[in-house]
Amino acid sequence: MDIPYTVEVRRDTGLTNGKIGIWLFLASEVMLFGALFATYILLRTGASTWPRGDTILNVPLATFNTIVLIASSVTMVMAWASLMRNRFGTYRMYMGATILLGLVFLIVKYFEYSAKFEHHLFPSTNNFLAIYFTLTGLHMLHVAGGMVVNAYFWGPGAKQWKTNPTWFTNRVEHSGLFWHFVDLVWIFLFPTLYLL
Amino acid sequence: MSKPAAVAPPTSHGGHDAHHEELGFWRKYVFSTDHKVIGIQYAVTGLVFLLFGFSLMMLMRLSLAYPETAFPWLGALLGDSRMPGGTMLPEFYNELGAMHGTIMVFLGVVPLAVGGFGNFVVPLQIGAPDMAFPKLNMLSYWSFFLGGVTMLASFFVPGGAAQSGWTSYAPLAIIAGTGQTWWLIGMVFLITSSLLGAINFITTIIQIRAKGLSFMRFPFFVWAQFVTAFLLLMAFPPLEAAAVLQLMDRVAGTSFFLPTGLMVSGQVLPNAGGGNPLLWQHLFWFLAHPEVYVLILPAMGIVAEIIANNTRKPLWGYRSMVYSLVFLGFMSFIVWAHHMFMTGMGTTMAAFFQTTTMIISIPSVVILTALIISLWGGSIRFNTPMLFALGFLPMFGIGGLTGLPLGLNITDIPLHDTYYVIGHFHYVVAPGTIFALFAGVYYWFPKATGRRMNETLGKLHFVGSFICMNVIFMPMFIIGMAGVSRRLYDGGTAYAFAQPYLHWNVVSSWGAWILAVVQIPFIFNFFWSIWKGEKVSDNPWEATTIEWAAPSPPPHGNFAVVPEAYRGPYEYSVPGAKKDFTAQFES
Amino acid sequence: MTEWLGMPPLAAAHGGQIDSLIGWIHVFMLVLFVGWGGFFLYAIIRFRRSRNPVADYAGVRSHRSTYLEIGVAVVEAVLLIGFAIPLWAARVDDIPPESQALVVQVTGEQFAWNVRYAGPDGVFGKTDLKLVDLQSNPLGVDRDDPAGKDDVVTLNQLFLPVNKPIIVKLRSKDVIHSFGVPEFRVKQDAVPGLTIPIWFVPTITTAEMRTRLSNPEFQYEIACAQLCGLGHARMRGFVTVQTAEEFDKWLQERVAELADPFK
Amino acid sequence: MTDHAVDIDKHVRIYITVFVSLMVLTVITVAISRVHLPVPIAVTVALVVAIIKGSLVACYFMHLISEKKLIYAVLVLTAAFFVALLALPTLTQRNGYGIHEIEHPPAAAPATPH
Ligand code: HEA
Ligand code: HEA
Ligand code: CUA
Ligand SMILES: [Cu+2]
């Protein structure tokens, strides 16, 4: 017997299982990052001195990365919209772009990190760097995770388009929800860490 | 009975899904996605961990009753780094204590109550073919399994397993040995597992319930699991964050939880400082208070099912029980700092957390009262599950009531971190939750195997456990009132004021060891009944909830005919009905 | 009236209130337990299957239990608002002025209690991590600082005058400890990075307690209540409560020793 | 997923608008940070901008603007617990509401602890 409501919505909730599942997951992610933000606030308000982010970190690079990540969100949503419009080719293109933009983000981040290490700035140096590395590191893990999922839907997973297009479109939408969430987290990380 | 297609119209997944091919051994029993197999995997693993956690405790009780005494045979078994010459080192005692707490809570009770019973029973009770995300379910089990293996492996790293208590307070946990790192990594696996499970439970309960099964027709157990899943979902991520931060403090040399100017045995710590040890406690208890309700809510759910079934009448005040449950869930997020009353609190904060703590005790009173009143007018059968369920009530009563003096800041002063606290929570988790879990094992065993466990052995198990549990934990209130601290490897021998009470440690210890002996009938019964137990029908307890509509054991996909719910969950002894139970699934 | 609880003998002024609150809560708990328990036992005996073969669908019809639950809530509210909150406020808000009290600094470390008195000048001297020497100067008191010259430091021995408010300023060098003296009904975590004051008034001298308990060996003990490592079970200190004269004499002797360490 | 293609075309136009707004807001927030406003104001401004940006992403990219009730319920619940979580720093810091003396790091205070 098959699990119901994987593809079609349940009448009374108006939702598929996957949609509920991904939102519940995001709810837990909110609590995860919430705890880290709380830690940031605590450390900052408790410290006698706290550096401004732009005195240590590279704002132009991070601005560039912000733009990259936002752009990737747009391509992600466009990928989904292409599926809705039944244009599989465009979907592939947009999804590919999303993955590549994610990659650009990670590469830029790699350069940022190594620049810090070269200047002997480590997580242990002070609490600003500690929370900076922890938050951005965890965020990077999320980016990487999202890329893996997206790559799956770009490559092997895309076979489903032929067999069950509705389901496939839904799955891309859910993957997109995660990706946008990761973008959303960065939107908050960027000013908190770099600009304040 | 309704027509098959009533509820879940089979969906077209496309031609490539070949559902009826025989799965191989590995896919069927090991990497299975069937909620029943996963449930049983969880339950058995949980039981084994309970036994293991209990064994650690029996060792500890040895040091508590006979401190500094040599037991050469144990020394030979456990090695010189733990028990040189057979005398337990305090480090080893701390290791056992931290791991007993961790294993019991995260690897024993939660997997059994949520992973085991939740997985096995909830889809059946809501008439679902499986969980909403079967693959995720499998992943959840294996993540738990990895977490368990990590925890076990940590006993063998240099310096041994974590030894800073299950609470892992900083800075102690940060300057501790490698075992703590393993503990943190293990916790991350366990948290992941619980999060995946929680997502699955919530989605399944909302989406895959049978036609006609509105929320107010849910068996109480389903409600309990529903609220529990929300607690896990919302409370675990902050601990995950905290674990990551503590990991950073330990391996990357950060100072999230380390203030400036720490000096350990004459050496200034190299860390930059500027952190705050109390942050760890806040983050930990933000999880751990909801977590203790995770330990109790499924237990209450099991007890409610069994009481309704064996009184042969509906639960009294079902609605108020459900509302209390939901309220309890909410409130459990804002009482956490009652574990931190002695960290130095001002009036406002203390007043807030005392008030919420008192408020949260009311819904527990309501639920317990409803369960006890449900007995009135019943036609009570005293089978083994019922005995354990009945035993649960006064035991939880003692545990819950002793929470009250702890919940007021001022009276917590003499009691905090004494054996009184140990007594309080063990009454809720051991003769409370553990009894409910035993009850659940006896009750749903026929569903899982098609056979019933032996009643005589079951009753022996109950009577023995009931007596021993009280012999173990009642003296702890006496010792605690006298002011003896917890987590002392010698049970307080060093203190003059503790001397008149030390003999209670001996009583307690013998209680624990005899408790182990009375578990033998259970373990024997369990395995014997799997193969040799009395064969029974699909609904041996003449119960009303939907799980009993499925064959025992239920096949893949669970129900021969898709069930539908026509009425509330506990329509027992309906006036005018021919038999004394009118099942939810009878049209 | 609270002897039946089995708590240690009481020796501090505020403790009586705590004890009687604990006593009343336990009476309340007992009433609830016996009430519910009685109903429970009666119900399972009266309604066993052999006695009552047919269950009653509705069961209890009255809703009197709601009043009971409200009753429980009211009692809890009274305990909370009437007693617990004000008593706690007295602990943390009404700390007596330092001029009228004896201020002692107690610093926990693995696994000992370092006690420091400000000495005759009433001012604690500076401390410096660099000066710490586990044997001779565990707190790193700067003896060149005039305020620090007369600071009296003892290990695991807390001497206190009777019937005078004592303010203990708690701190910790390494991990979290907890300063608990059962007879005084005080307990407070010593959290590194923070200095936390607690206060109490000891009412019975050690000597008097010895006669009362007819135990010539009696000592007030400081019991570390928070897991702090492998020596947690042995992190024991002693409190000696003396009359004001005895205490002053003791303190002067210590100060004199400081001035002339070779005496 | 029964939206018509026209609907989707409208969506796509919205996405582009949102994208442009996000870019503009990013530039604004960076620009403002160059001015070195006093910290409380800077924090407020940065947070306001971030919240606007976040809401745009959530409402349009994540379609929250037209989601089902159940999802809203989950998010409201999350928001409530999130607020409790953000109370943590205050509680940690002001645990004693002034009864603590927080020991300052040696750099800041001449007398080092201990
Ligand atoms: C399942 C677990 C569980 C449950 C349900 C509870 C329930 C409660 N707990 Fe407990 N608690 C723990 C597990 C649990 N606790 C653990 C593990 C710790 C220690 C952690 C550690 O430090 O390691 C702890 C510690 C703890 C503390 C901290 C103590 C300290 O460290 O100083 C406090 C303080 O407020 C507290 C309070 C309460 C309260 C008020 C309840 C209330 O919810 C209780 C409400 C219930 C009732 C009031 C009973 C009502 C019933 C009746 C009236 C009917 C009687 C029935 C018959 C006679 C048949 N608990
Ligand atoms: C769910 C939680 C749970 C449970 C069930 C238990 C159960 C028990 N606990 Fe534990 N305990 C804790 C959670 C729990 N504990 C925690 C959190 C701490 C604090 C740790 C810390 O200080 O950090 C603690 C601490 C603690 C202490 C204090 C140590 C100290 O402070 O120094 C003591 C002392 O006696 C103790 C004793 C016991 C005993 C005798 C049991 C007994 O009730 C055990 C009974 C067990 C069984 C009856 C097992 C049954 C299982 C089977 C029979 C298996 C069958 C298998 C198959 C069929 C395959 N526990
Ligand atoms: Cu110091 Cu325990
Ligand atoms: Cu709690």
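The values are calculated or read from the model by the stated rules, or taken from the named source; none is laboratory data. Since we're looking at a predicted model, the values are computed, not measured. Cβ coordinates were reconstructed from backbone atoms using ideal geometry, including for glycine residues, and neighbour counts include every protein chain displayed.
Tally time: how many residues in segment B:66-85 are more than 23 Å from B:VAL507 (Cβ to Cβ) and surrounded by 14 or more Cβ atoms within 10 Å (Cβ to Cβ)? Please lay out each step first, then the result.
Looking only at segment B:66-85, we keep the residues that are more than 23 Å from B:VAL507 (Cβ to Cβ), and these are B:72-73, B:75-85.
From what is left, the residues that are surrounded by 14 or more Cβ atoms within 10 Å (Cβ to Cβ) are B:75, B:78, B:82-84.
Of the residues in segment B:66-85, 5 are more than 23 Å from B:VAL507 (Cβ to Cβ) and surrounded by 14 or more Cβ atoms within 10 Å (Cβ to Cβ).
Looking at B:MET386, B:MET340, B:MET395, B:MET331 in this structure, which one is in contact (Cβ under 8 Å) with a residue 40 or more places away in the chain, on the phi < 0 side of the Ramachandran plot, surrounded by fewer than 23 Cβ atoms within 10 Å (Cβ to Cβ) and of a type in the set (A, V, I, L, M, F, W, C)? So that I can check it myself, show each step before the final result.
Values: B:MET386 fails: surrounded by fewer than 23 Cβ atoms within 10 Å (Cβ to Cβ); B:MET395 fails: surrounded by fewer than 23 Cβ atoms within 10 Å (Cβ to Cβ); B:MET331 fails: in contact (Cβ under 8 Å) with a residue 40 or more places away in the chain.
Checking each option against the conditions leaves just B:MET340.
The set of residues from segment A:45-59 being touching a residue at least 60 places away in the same chain (Cβ under 8 Å) and either closer than 24 Å to B:GLY261 by Cα or at the interface with chain D (Cβ under 9 Å from one of its Cβ atoms) (or both) comprises A:ALA47, A:TRP50, A:PRO51, A:ARG52, A:GLY53, A:ASP54, A:VAL59. Being surrounded by 24 or more Cβ atoms within 10 Å (Cβ to Cβ), in a loop (DSSP other than H, G, I, E, B) and away from ligand 4 (no atom under 16 Å from the Cβ) is the requirement here; does B:SER140 meet it? Answer is no for this residue. Scanning segment B:546-587 for residues that are on the phi < 0 side of the Ramachandran plot and among the polar types (S, T, N, Q) yields B:SER552, B:THR582, B:GLN584, B:SER587.
Filter segment C:55-90 down to residues that are charged (D, E, K, R) and facing chain B (nearest Cβ under 7 Å), then give me how many there are. Don't jump to the end; show me each part of the working.
The initial filter retains those residues of segment C:55-90 that are charged (D, E, K, R), namely C:56, C:61, C:64, C:69, C:76.
Then keep just the ones that are facing chain B (nearest Cβ under 7 Å); that gives C:56, C:69, C:76.
So the answer is 3.
For segment C:82-102, how many residues are in contact (Cβ under 8 Å) with a residue 24 or more places away in the chain and surrounded by fewer than 19 Cβ atoms within 10 Å (Cβ to Cβ)? Break it down stepwise before answering.
Residues of segment C:82-102 in contact (Cβ under 8 Å) with a residue 24 or more places away in the chain: C:83-84, C:87, C:90-91, C:95-96, C:98, C:100-102.
Okay, now just the ones that are also surrounded by fewer than 19 Cβ atoms within 10 Å (Cβ to Cβ), so C:87, C:90, C:95-96, C:98, C:100-101.
Selection size over segment C:82-102: 7.
Of the listed requirements (1) part of a helix (DSSP H, G or I); (2) surrounded by 19 or more Cβ atoms within 10 Å (Cβ to Cβ); (3) over 24 Å from the mean Cα position of the chain (by Cα), C:GLY125 misses just one: (1).
Checking the structure you have, find out if any residue of segment B:157-173 is within 14 Å of chain A (Cβ to nearest Cβ), within 16 Å of ligand 2 (Cβ to nearest atom), in contact (Cβ under 8 Å) with a residue 12 or more places away in the chain and closer than 30 Å to C:LEU194 by Cα. Can you show your working first?
Taking segment B:157-173 as the starting set, the residues that turn out to be within 14 Å of chain A (Cβ to nearest Cβ) are B:170.
Pick out the ones that are also within 16 Å of ligand 2 (Cβ to nearest atom) and you get B:170.
So of that shortlist, the ones also in contact (Cβ under 8 Å) with a residue 12 or more places away in the chain come out as B:170.
Right, trim to closer than 30 Å to C:LEU194 by Cα and you get B:170.
Looking through segment B:157-173, at least one residue is within 14 Å of chain A (Cβ to nearest Cβ), within 16 Å of ligand 2 (Cβ to nearest atom), in contact (Cβ under 8 Å) with a residue 12 or more places away in the chain and closer than 30 Å to C:LEU194 by Cα.
Please tell me if B:ALA299 is buried (at least 24 other Cβ atoms within 10 Å of the Cβ), farther than 23 Å from B:VAL574 by Cα, within 11 Å of ligand 1 (Cβ to nearest atom) and under 17 Å from the mean Cα position of the chain (by Cα). Judged against the criteria, B:ALA299 is a match. From the set of residues in segment B:353-381 that are farther than 22 Å from B:PRO290 by Cα and more than 7 Å from chain C (Cβ to nearest Cβ), which is farthest from ligand 1 (Cβ to nearest atom)? Checked segment B:353-381; the qualifying residue farthest from ligand 1 (Cβ to nearest atom) is B:ALA370. Kindly check whether there is at least one residue in segment B:382-403 that is more than 10 Å from ligand 1 (Cβ to nearest atom) and facing another protein chain (nearest Cβ under 9 Å). Checked segment B:382-403: at least one residue is more than 10 Å from ligand 1 (Cβ to nearest atom) and facing another protein chain (nearest Cβ under 9 Å).
Going through (1) within 7 Å of chain B (Cβ to nearest Cβ); (2) over 21 Å from B:VAL421 (Cβ atoms); (3) of a type outside the set (Val, Ile, Thr); (4) touching a residue at least 24 places away in the same chain (Cβ under 8 Å) one by one, C:ARG171 falls short only on (1).
Does any residue of segment B:458-480 turn out to be farther than 28 Å from B:PRO298 by Cα, buried (at least 20 other Cβ atoms within 10 Å of the Cβ) and at pLDDT 95 or above? Full working, then the answer.
From segment B:458-480, those farther than 28 Å from B:PRO298 by Cα are B:478-480; that's our starting set.
Filter again for buried (at least 20 other Cβ atoms within 10 Å of the Cβ), leaving B:479-480.
Those still in the list that are at pLDDT 95 or above too: B:479-480.
Among the residues of segment B:458-480, at least one is farther than 28 Å from B:PRO298 by Cα, buried (at least 20 other Cβ atoms within 10 Å of the Cβ) and at pLDDT 95 or above, which makes the answer yes.
For beta carbons closer than 6 Å, sequence separation of 6+ or different chains, a first residue in segment A:65-80 that is touching a residue at least 12 places away in the same chain (Cβ under 8 Å) and a second that is in a helix (DSSP H, G or I) and β-branched (Val, Ile, Thr), the qualifying pairs are A:ASN65/A:VAL108; A:THR66/D:THR26; A:VAL68/A:VAL104; A:SER72/A:THR98; A:THR75/A:THR98; A:MET76/A:THR98; A:TRP80/A:VAL172. One residue stands out in segment B:464-514 among those that are within 16 Å of ligand 1 (Cβ to nearest atom) and under 17 Å from B:PRO431 (Cα atoms): the one that is nearest to the other protein chains (Cβ to nearest Cβ), namely B:PHE477.
Residues of segment C:211-245 that are more than 30 Å from B:SER265 (Cβ to Cβ), surrounded by fewer than 18 Cβ atoms within 10 Å (Cβ to Cβ) and either without any contact (Cβ under 8 Å) to a residue 40 or more places away in the chain or within 16 Å of ligand 2 (Cβ to nearest atom) (or both): C:THR211, C:SER214, C:ASN215, C:PRO216, C:GLU217, C:GLU245.
Go through segment B:41-77 residue by residue and tally those that are more than 27 Å from B:ALA430 (Cα to Cα) and assigned to a helix (DSSP H, G or I). Talk me through it step by step, then tell me what you get.
First pass over segment B:41-77, keeping only residues more than 27 Å from B:ALA430 (Cα to Cα): B:68-73, B:75-77.
The next check asks that each one be assigned to a helix (DSSP H, G or I); those that pass are B:72-73, B:75-77.
Number of matching residues: 5.
Inclusion of B:ALA543 among residues that are surrounded by fewer than 18 Cβ atoms within 10 Å (Cβ to Cβ), assigned to a loop (DSSP other than H, G, I, E, B) and at negative phi is not warranted. Among the conditions (1) surrounded by fewer than 17 Cβ atoms within 10 Å (Cβ to Cβ); (2) of a type outside the set (Val, Ile, Thr); (3) over 18 Å from B:SER255 (Cβ atoms), the only one that A:HIS120 does not satisfy is (3). Going residue by residue through segment B:413-433, is there one that turns out to be within 14 Å of another protein chain (Cβ to nearest Cβ), free of Cβ contacts under 8 Å to residues at least 12 places away in the same chain and over 18 Å from B:GLU305 (Cα atoms)? Among the residues of segment B:413-433, not one is within 14 Å of another protein chain (Cβ to nearest Cβ), free of Cβ contacts under 8 Å to residues at least 12 places away in the same chain and over 18 Å from B:GLU305 (Cα atoms), which makes the answer no.
From A:ALA27, A:ALA62, which residue is within 19 Å of the chain's Cα centre (by Cα), within 14 Å of chain B (Cβ to nearest Cβ) and either buried (at least 22 other Cβ atoms within 10 Å of the Cβ) or over 22 Å from D:ALA50 (Cβ atoms) (or both)? It would help to see each step written out before you state the result.
Working: A:ALA62 fails: within 14 Å of chain B (Cβ to nearest Cβ).
After applying the criteria, what remains is A:ALA27.
Count of segment B:267-322 residues, restricted to those that are in contact (Cβ under 8 Å) with a residue 60 or more places away in the chain, within 15 Å of ligand 4 (Cβ to nearest atom) and of a type in the set (Phe, Trp, Tyr), is 2. Can you confirm whether C:THR195 is away from ligand 1 (no atom under 16 Å from the Cβ), of a type in the set (S, T, N, Q) and under 30 Å from B:ALA173 (Cα atoms)? Yes; evaluated as a whole, the condition is true for this residue.
Return yes or no: is C:GLY23 more than 7 Å from chain B (Cβ to nearest Cβ) and assigned to a helix (DSSP H, G or I)? Yes. Pairs meeting the criteria (first residue in segment B:91-110 and facing chain C (nearest Cβ under 9 Å) and more than 18 Å from B:ILE185 (Cα to Cα), second residue of a type in the set (A, V, I, L, M, F, W, C) and within 11 Å of ligand 1 (Cβ to nearest atom), beta carbons under 9 Å, at least 6 apart or on different chains) are B:ASN94/C:LEU227; B:GLY97/B:TRP166; B:GLY97/C:LEU227.
Taking into account only those residues within segment B:418-440 that are surrounded by fewer than 24 Cβ atoms within 10 Å (Cβ to Cβ) and more than 13 Å from ligand 4 (Cβ to nearest atom), which is farthest from the chain's Cα centre (by Cα)? So the residue we want is B:ILE422.
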